[in-house]
Structure formats: C-alpha cells, structure tokens
Amino acid sequence: MRPTIRDVAQHAGVSIATVSRALRDSGSVRKDTRARVLEAAEQLNFTPSRLGRQLAERRHAANGIVFPDLSGPYYAEVVLGYEAVAAERERSVLILSTHGRANAEAMVEDLATRCDGMVVMGRTISDDAVERLVSRGMPVVLLARPPIGDIDSVNADNRTSAVALGRHMLAQGARRVAFVGDPAASPDVQERWSGLQDALAEASAKGEATVDLVSVQGFGEETGAAVARRALESRNRRPLPDAFVCANDELALGLMDTLLAADVAVPDRVLVSGWDDVMAARYAGLTTVRQPMRALGGTAARLLDELVTGARTEPRHELLPTELVTRASTSPHPAQK
C-alpha cells in the first residue's frame, strides 16, 4: 500500500499539519523537525500525490466549501458568514453543491486539487472520503456533521433546544406531536428528532403523549404545504396532530400557510414550529429555534485558516449555542423575542 502523509507523521512523531508545513518548507517548522520529517518521508519512500504537492507548494489562495445544497435562506446565511471571514484573510472561496449526486466524492476530489483547505458540510461525502483527504495532507473542517476523530468540527447545539421545544409543546397542551423532516438526510435533523423524542419520552411511556415521524424528501415550503394537505385530506380517518414540529422554518411556513388557508386555527387548533429563525419566520410569528447561521460559516472559515496557515495543530470541536424563540404559532400570548 502506498504510504500516506499520516504514515510519515507517525514515523516522524509529529502531526500531519507539521508534515505539510515541513514539505512546503514553512519557516514555522524547526530545522531539526523538518529534517526528521524529510528523513521519515525518504525512509517510507513517500511521494506526495498531486493534491499533496499542490498543498505543499501553496499554489492556491482559495478555500473550498462543500454543501449538500444551496437553496434556501439557511445555506445563504452560512455562506455569507464563511465568505466574510475568508475575505478578511484575503482568500477566495470555491463552493461545491453535491445535491445528492452519485459522483459527489469525485467532485470533491477535483475541488481538492484547486484549494488549500476544505470545509465539508453535512452528509455530502462518506467518512472514508473525508479521512482520505486528511491523510493526503488536506486541511479539513467538518461543518454541521458529527466529529470524525481529531478532524476539526463546527456544530450547532441541536439537542438542547430540541428538548426545550418538546417541553414547550407539552406545556402548551400538545399530546399528539408530529415531527416533519428526514433524520437520515442530515445530522442536524437527526439530533432534532432525537431531542424531541427525549423531551416526550416520559409522557410517551405513560401513554400521555405520542410523537410520530413524518418523513419527507426536501426541506422547502412546498414540501411543508404537501404535508399539510395530506394531513387535511386524511383527517376524517386520523385527527390532525396537536403540534407539527418542523425540521426547518421553510417546512413550517409552507405547512402553516396551508393550514390557515383551510381555516385550521394556528395555534388554537394546531401548534406549529420550525428551526433556524430565518427572517420570514419573524414576520410570520413562527415559533422556532434560532441558530447562529452566519457564525457557523464564520467559525468554520477561521478554523480552516488556522490549519492552512499552520497557526494551530491541535484539533478543535466547536459547539455553538441555539435558542428557543416562542411566538404566536404556539402560544396565544407569546413571549416575543
């Protein structure tokens, strides 16, 4: 098997980042350390790949960021936060949206040849593909994705606010709760679904509440509207839930608008909540969870810049706080925020 930069790092007793800096003859590496790295590379017969050579030679002044999708206000806000920090560091940004494509990993490999470091968001590529990039010397930061070993990561605290949201629904009298989203599509959604289940676990065990998953493909307003239409069409056989907890604000807004158009009172008959706190949610009076979308992108950009420049070698795992914001869609007398 061809030796990797990870093998060189282990043989020399240094970090992968130090190997990368030594290969490009960075002044931040001590002479004796660089000599040890070069000796290890020679003993292992290590030849940097095309990606590794480009990284070592610093041919780019660009960062790459890989998104699962680019539609919707959530991704727009993350991009804005990312680009603002990248611009401060005089780095351009190459954006790739995999959008569920079968050749996503090949697309990411190609992007890696054109940038100095990469942020990988969500379940765009496999853990193995991420680890291959890192083993070849590519600085990587994971965004909205569970940590993989000592690879840097940035996440929002989904679980704490999901538990708070579930308890809020119970306090408002909801006993039949439906979660709208696809936990398999996103680590964030999986955590929101798990947190909601945790919040209702005791009441569910006593038979005092139920929580059902309404799995959907897509996170747009039309998908939310379709969920509402199906619920309305089947309400003669199955009553409407007391509450719809939606995986994002777009789903919630489409669902709520369709319910209101059918003369279903929100919140008197059905409670509705979303997630993200996009601008439209504030005008619609939608209860939601505010997450720091721009800060997510900005933090990922800062961490990546530290890795690319060699300013830091120790791994970082950042968990940014979120906040439950109650509005009129779940309470006749909301605490507006």
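Laboratory data are not the source of any read-out in this text; all were calculated from the coordinates shown. Here the structure is a predicted model, which is why all the values come from computation and not from measurement. Note that we place each Cβ from the backbone using ideal geometry, even for glycine, and neighbour counts take in every protein chain shown.
Remarks
- Förster-model FRET efficiency, 45 Å R0, SER71 and GLU314, C-beta, rounded to 0.05: 0.80
- Taking other C-beta atoms within 10 Å as the exposure proxy, ASP32, ASP182 rank ASP32, ASP182 from fewest upward.
- Taking the longest Cα principal axis of the chain as reference, the axis of helix 221-233 is set at about 30 degrees.
- Choice from GLU105, GLU42, GLU318 with maximal GNM fluctuation in the chain (Cα, 10 Å cutoff): GLU42
- Cleavage-rule hits (GluC sites (Glu not before Pro)) in region 192-271: DSSP loop, at most 13 neighbouring Cβ within 10 angstrom: GLU208
- Positive dipole terminus of region 158-291, leading residue within ALA164, PRO241, PHE179 (C-beta point charges): PRO241
- Its relative contact order, with pairs defined as Cα atoms under 8 Å and 6+ residues apart, puts the chain at 18 percent.
- Amide H contacts of CYS246: VAL180, SER273, GLY274, each under 5 Å away and 5 or more positions distant or on a separate chain (H built 1.01 Å from N in the peptide plane; Pro and chain starts excluded).
- In plain terms, the chain from GLU88 to ASP263 could stretch by 58.0 nm, reckoned as 0.36 nm per residue minus the Cα-Cα distance.
- Label-point separation, ARG237 to TYR283 (7 Å along Cα→Cβ), nm: 3.8 nm
- Assigned charges on the beta-carbon of Lys, Arg, Asp, Glu; the chain dipole about Cα centre (debye): 340 debye
- Candidates ALA174, ALA106, ALA205: whichever shows maximal mean-square fluctuation once the chain is modelled as a Gaussian network with Cα springs under 10 Å: ALA205
- Residue with peak Gaussian network fluctuation, the chain [Cα springs, cutoff 10 Å], from GLY166, GLY224, GLY310: GLY310
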